[in-house]
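Asks: Sharing a structure, written as structure tokens. Questions coming.
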Amino acid sequence: MVAKIETVGVIGAGQMGNGIAHVCALAGFTVLLNDISSDRIKAGMATINGNMARQVAKKTITEEQRKNALALIKPAEKYEALAHCDIVIETATEKEDIKRKIFAELCASLKPEAIIATNTSSISITRLAASTDRPERFIGIHFMNPVPLMELVELIRGIATDDATFETAKAFVTRLGKTIAVAEDFPAFIVNRILLPMINEAIYTLYEGVGNVESIDTAMRLGAHHPMGPLELADFIGLDTCLSVMQVLYEGLADSKYRPCPLLVKYVEAGWLGRKTQRGFYDYRGEKPVPTR
């Protein structure tokens with residue numbers, strides 16, 4: 001039985017959250033955007049507005065579609081405001097304790113039949129589901145970054161996720177115009193299980209002096225036809241997120257091939273997290289990015 005989804009709650013107005021709100025509104029869903037402060041919600045709304053304006057300029061959407069979509073996104077400062085949502089998607093930072101705390105506080109405000117989804121890129125869906133009052137109505141819906149441009153969504157069932165929740169989530173993602181890859185609930189699912197060890201290996205290649213930042217990125221762009229070099233991509237994702245995913249893989253699979261590179265750890269300790277902090281494997285403070293090693 002596929003439930004009808006009309007109202008979508010999004011927890012977190014950051015890079016992933018505002019992207020998810022953006023595609024949901026364009027698909028005609030009412031969206032309630034939540035974050036820990038009204039300033040963050042406003043910043044998220046401003047980003048959505050700017051990104052939609054870019055789509056209008058590129059003629060991928062019309063000005064009317066932009067106006068209609070923006071009118072569907074409403075701020076929701078408290079979890080109580082999400083009471084009428086049919087599905088709520090959590091996009092908080094990739095830390096399990098933070099996600100669990102959100103779910104513990106959120107459940108009381110939701111109607112019993114509401115579905116809870118997490119946008120986690122690596123954490124066990126089964127374990128997160130167990131921290132809610134509705135593990136059978138809990139699912140992983142992992143969007144790729146940047147959400148408006150990337151076609152793929154990974155759907156991950158926890159051990160308790162029921163068929164109705166899975167079918168409803170499938171129909172919802174299809175309505176967003178995305179392509180689904182169904183993944184089993186193992187650490188980092190499909191995309192990050194393959195992608196992050198590759199990025200980690202690129203960092204080891206740098207750490208061991210096999211090549212410098214520029215040669216590694218050029219080699220993979222031109223030698224493997226990747227649109228972005230692995231170190232540039234790591235900066236885009238956020239080095240803290242890369243480290244979190246590698247730690248989940250390393251702890252979850254207990255295999256030394258997933259050991260995070262010490263250089264990645266050092267960059268994160270320095271607070272050089274990539275583009276969002278202006279420094280990572282590249283320094284973004286000047287006119288064009290300059291390698292930091």
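The values are calculated or read from the model by the stated rules, or taken from the named source; none is laboratory data. Because the structure is predicted, anything quoted here is derived from the model rather than measured. Cβ coordinates were reconstructed from backbone atoms using ideal geometry, including for glycine residues, and neighbour counts include every protein chain displayed.
Asks: Which residue, of 255, 235, is surrounded by 14 or more Cβ atoms within 10 Å (Cβ to Cβ), acidic (Asp, Glu) and more than 23 Å from residue 132 (Cα to Cα)?
Replies: Step by step, each of 255, 235 is checked, and only 235 is surrounded by 14 or more Cβ atoms within 10 Å (Cβ to Cβ), acidic (Asp, Glu) and more than 23 Å from residue 132 (Cα to Cα).
Asks: Okay, moving on. Whether any residue in region 14-31 is touching a residue at least 24 places away in the same chain (Cβ under 8 Å) and part of a strand (DSSP E or B) is what I want to check.
Replies: Scanning region 14-31 turns up at least one residue that is touching a residue at least 24 places away in the same chain (Cβ under 8 Å) and part of a strand (DSSP E or B).
Asks: Further, regarding this structure: Look through 195, 222, 231, 263 and report the one residue that is closer than 30 Å to residue 126 by Cα and at pLDDT 95 or above.
Replies: 195
Asks: If you go through region 216-237 one residue at a time, how many are of a type outside the set (A, V, I, L, M), in a loop (DSSP other than H, G, I, E, B) and farther than 15 Å from residue 289 by Cα?
Replies: 3
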